[in-house]
Structures are given as structure tokens and as C-alpha cells.
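One structure below.
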Amino acid sequence: MEQLLGKIAHCVEFGKINLAAPYPPDMKGQEGADELTKKALEQGVSAEDVLKKALVLGMERVGIKFRENKVYVPQVLMSAKAMHTAMEHLKPYFQSGSVKRKGIFVIGTVAGDLHDIGKNLVSMMVEGNGWQVVDLGTDVKTEKFLEAAKAHPGCTLGLSALLTTTMGNMEKTVKDLKEQLPDLKILIGGAPVNDSFRQKIGADFYSPDPQGAVEFLNKLSA
Amino acid sequence: MNKIAYEIKSGKKLVSDGAWGTFLQKMGMGPGECPELWNIEKPGQVYKIAKSYIDAGADMIETNSFGGSFYKLANYGLQHRVVEINRAAAEISRRAAGKEKHVLGSVGPTGKMLIMGDVTEEDLYNAFKEQAIALYQGGADAIVIETMSDLDEARIAVKAARENTAAEIICTMTFEKTVNGEYRSMMGVSPTDMVNIIIDAGADIIGANCGNGIEGMIDIVKEIRKNNADIPVLIHANAGLPVYQDGQTIFPETPVQMASFVGKLLDAGANVIGGCCGTTPLHITKIAETIKNHTR
């Protein structure tokens, strides 16, 4: 069983989706996250073990490598694809409540900004760490964030911006949300954003990379 | 008008223009507005930008069409107006440039990812083809494919512009410094990775834009030159990295600060220097002066 979980973690780390997937080239013709996850569940491995000992582990490894610039966006996207494929098999267990997620993370790109690559990366890494992710998309107005935060009590919020011009909207969104929901934890990210900006606008956390967001969330829930 | 690459090969160092996006913002374009729609709705303002760079001493100016592809315009429901918007962009810049100066039709990334199966290579090719033809027909004598981070997307864009227009083709990618001190694009492409593939696809001029300040561009040019001694190299550098002050984002490098790196950039092997985000006509004036006075 441990061996099978190790193999799934490996598939997630290196982005091996299924048997037919040509990527990565050195795993061509081998079973991927899809087949191996199915097999593990059929052999009686618990869904919780598949999540924690395989998917979370694989995503964590790729997240750390991404932070260290050992891999880049394409590798993370392939890992996320492999993770999602495996996650499909776990869906019934989430629905029945036999596996619980760590909490809810609501994420979106702020108003006026249509960029989604960074937001998607964070969303995938957080989901792959065992959180339920509510992705509000791009160009999200404050009201929509507020609505989602109220609909998911206890959630943590992530805001993304790529454009320097929409940093002002990020500030406004953070201030408005904090006014209405003072206990809501907000983390921010995006190319022009940094920690001194975070301090200025009163958000709770900034991370230059998705793995940092995952670690912050885990600390909050610990 | 001679080709830019011809002027470079005859020994000239040339000046390109500065920022467009941040300039439009200064003119009052709000977040969430489609910048390219200004070509139709506020052509006078767009012309002012183009003309200000010609007056600053630029040998070439871009067009307001960075996000003018089918996929980018689709974000605003304007995907059926690609031809109209890009033609207008090129016409405005051509009007400012006259017959003597070059107009570089700007083509940015689509925001779609081949690797995720968002689009096929053929989809991208067709989108870039449509945009490049419209820019060329509107009066651009070169197409600048810029801010690219995915090598496949860059290659397809170069090929589409090369095969469907008679314009000179320029391609610049955006690199950032990694924790290991190397330069890589968001998708992991190094300047070295870029050189042969982009030239083989049909680029006449290659280089880098955006991403970091002008100082980092020196190492990027050196890396390109290590791989190819002859290909003309163009650099469009930001005025430093953005700083947030009192609800506004400021690009901190002054014209004098930026110009202080121009000599080293030329010595490293750059042939054309201009600006990207945060640069103004004043930056370009200073860069132009420095290039003119530069002796090795």
C-alpha cells in the first residue's frame, strides 16, 4: 500500500496524469495518477490516505520546487492536472463526509483585473493540499467577495492582482472587507505586490509563491 | 525607409519608444477598460502618446495593440473587431511617425495556455495571423511580438506574422531573475532557449522587455550574445520595479538613472533600446541622448 501511495505521489509531483499521457517523457507507457488512484481505492486504501499520503505530498513537493525555481509554471500545471484527475476518484468520499477537507479557501482576482494564471496556480496548490477552494474568477468586485465570505463562514480569502493599476482596487477590497468582517483573514499575491504593500493595506499575509499561501493556511488551521 | 535590421547592420544604435499602458492610465484610463478600444473611441489621446515619443527622439514607436488579439479582446466582447481595432492602432502610430520613422505593431500574449489545452497551435496561429495582417495593413512596417513567456506561443506568433505579412519581425520575451541568479520567463524559458527557436521561426530582431529594471537587461543581452553574435537585439526595459505610494503605483527609476545603464547595455551588445512600463517621453529623450553620445 505504501508503495502504491508513493507511486501516486510521484505521478502528482511529476505531472503524470494517466497511462495515455505523453508527459513526462520518461514515464511514457506507465500508469498515471488516474489509474493508480483507482487501483488504490479498489485495494482498500482509504481515501484519506490517498489524499494525505499521496496527493498532498506530491503537490507539496512540486510547490517547494516551484518556490526554489527548480520547476516553472508548466510543471506545476501538469502536476495540478494529475492531482485533479486523482481527486475525481475521491469525490464520493468528500460528498459522503468520510474524508474531510481542512477548510474553505475563497479566491479571486480583484476588480478591473482579468489575469488568472497566478490565481489559478494558488487555487490548485491549495486544493491539492486538502482544502476546499471556491474560485470566484477574475474581475471580482468587493460585494462578490463579501457575499462568498458570508456564505462560507470561517473561510480564508485570497486576493490576486497582476496590474499595477488594480493594486488600488486590492487595497479598497481589503479595507471594505475588513470593515464588515474584521475576523476574516485575507492573503494577497501577484506580480506587483509585496509585503510592504500588504502592511500598508492591512491584509494578513503575503506570499511571493503558492506554497507560502498553503503554509500560511495550514498554520491558521493548526 | 530602410529595414531596422539593415540600419543596425550598418552600425547604427537605435532608440525605441517608452510605455503605452501606464501612459494611457495617466490619461485617465480606468482599471477594467479595454486599452485598445481607445484607438476607436479616443484616437486623439492615443495619437498624443505616439507623437510624444517621436518628439522625444525615438526612431521607432509601437502601436496601442498589445491586447489586440482575438483572445484578449474577447475578454471585453470585442473579438469581432480585431481588424478594425488593430488597423486603427497602426494608422494612428503611422500618422505620428510619418514616413521616416518605424512603426512596430505590438502583439502581446493571448493569455491562453497551450499546455493546458486552452487552445490549439492552429487557434493561436490564426489569431496572431489576423492581428498581424491588420497591423501591417494599417501601416506598421514591423511587428513586435512582446512580453512572451511561453516559447511555443512566441514561435507561433513569429511564424504567423512572418508568413502572412512583409513586415520585419521582432520578438521579445520577459525574463525575471530566479533565486539561482539565472534569468527565466514565467514558463521557465531562458534567453539561451529562446535564441535559435525564435530566429528559426523567422524573427529578424530578438530581445527582452518588461519584467525587471534596465540593469538586469545587461546580463540578458550578454546571454543572448553568447548564443548569437549577429542577430539584432532590442530591449524595452521598465523604469524599475513598481512601488506603491499613497494609493498609486510608481515606477521609481528616473530618466537619468535609467540612462546610466545604457552604455553598458550597448557594450553588452544591444542595438535598440527603449522603455516598457513606467517609462515616459523624458526617459526616452535621455536614453536617446545617451545612445547618441555613446562611444565604446
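The numbers here are math on the coordinates, done by the rules we state, and not lab data. Source: prediction; values computed, not measured. Because the Cβ atoms are built from the backbone with ideal geometry, glycine has one as well, and the counts that use them run over all protein chains shown.
Some values worked out for this structure:
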read-out: Between 0 and 90°, nearest 10: helix A:73-96 axis offset from chain A longest Cα axis; value: 80 degrees
read-out: DSSP bridge pairs, the range B:208-292: antiparallel proportion in percent, nearest 5; value: 30 percent
read-out: Semi-axis lengths (Å, descending) of the ellipsoid that matches the C-alpha gyration tensor of chain A; value: 33, 19, 13
read-out: Antiparallel DSSP beta bridges within the protein assembly as shown, percent to nearest 5; value: 10 percent
read-out: A:LYS70-B:ILE40 FRET efficiency (beta carbon distance; Förster radius 60 Å; 0.05 resolution); value: 0.85
read-out: Helix-only [θ]222 nm of chain B, DSSP H runs n ≥ 4, -39500 (n - 2.57) each, per residue, nearest 500; value: -13000 deg cm²/dmol
read-out: Gap separating the Cα centres of the range A:150-192 and the range B:155-208, nearest whole Å; value: 35 Å
read-out: Test item: B:18-24 mean partner chain Cβ contacts at 10 Å; value: 1
read-out: Relative contact order, percent, chain B [alpha-carbon distance under 8 Å, six or more residues apart]; value: 19 percent
read-out: Distance between modelled label sites at A:ASP49 and B:MET27, nm, 7 Å Cα→Cβ extension; value: 6.5 nm
read-out: Equivalent ellipsoid semi-axes, the range A:52-177, via Cα gyration tensor eigenvalues times 5, rooted, Å; value: 26, 20, 10
read-out: Within 10 Å of each Cβ in B:111-117, the average number of Cβ atoms from other chains; value: 4
read-out: Hydrodynamic radius by Kirkwood, which averages 1/r over all alpha carbon pairs of the range B:132-219, in angstrom; value: 13.2 Å
read-out: B:LEU282/B:VAL243 FRET efficiency (R0 30 Å; Cβ-Cβ; nearest 0.05); value: 0.95
read-out: Point-to-point label distance, B:GLU84-A:LYS28, nm (Cα→Cβ direction, 7 Å offset); value: 4.8 nm
read-out: Sequence of B:THR279, B:THR254 once ranked by neighbouring C-beta atoms within 10 Å, starting from the fewest; value: B:THR254, B:THR279
read-out: Cut-off 20 Å (backbone N to label point 7 Å along Cα→Cβ of A:ALA151), residues of the range A:180-205; value: A:180-182, A:184-187
read-out: Zero-based 5 Å bins, Cα pair distances in the range A:2-96, whole percents; value: 3, 16, 27, 25, 17, 9, 3, 1
read-out: Using θ = phi - 60° and Karplus 6.51 cos²θ - 1.76 cosθ + 1.60, couplings along the range B:26-32 (whole Hz; Gly, Pro as x); value: 5, 7, x, 5, x, x, x
read-out: Two-decimal Rg to Rh for chain B - Kirkwood Rh, Cα set; value: 0.93
read-out: Alpha-carbon gyration tensor eigenvalues x 5, square-rooted, for the range A:117-217, Å; value: 18, 17, 13
read-out: For the protein assembly as shown, convex hull of alpha carbons as volume per residue, Å³; value: 144 Å³
read-out: Subset of B:LYS3/B:LYS51; A:LYS16/A:LYS219; B:LYS112/B:LYS264; A:LYS81/A:LYS102; B:LYS42/B:LYS72; A:LYS141/A:LYS185 violating a 24 Å alpha-carbon distance limit; value: A:LYS16/A:LYS219; B:LYS112/B:LYS264
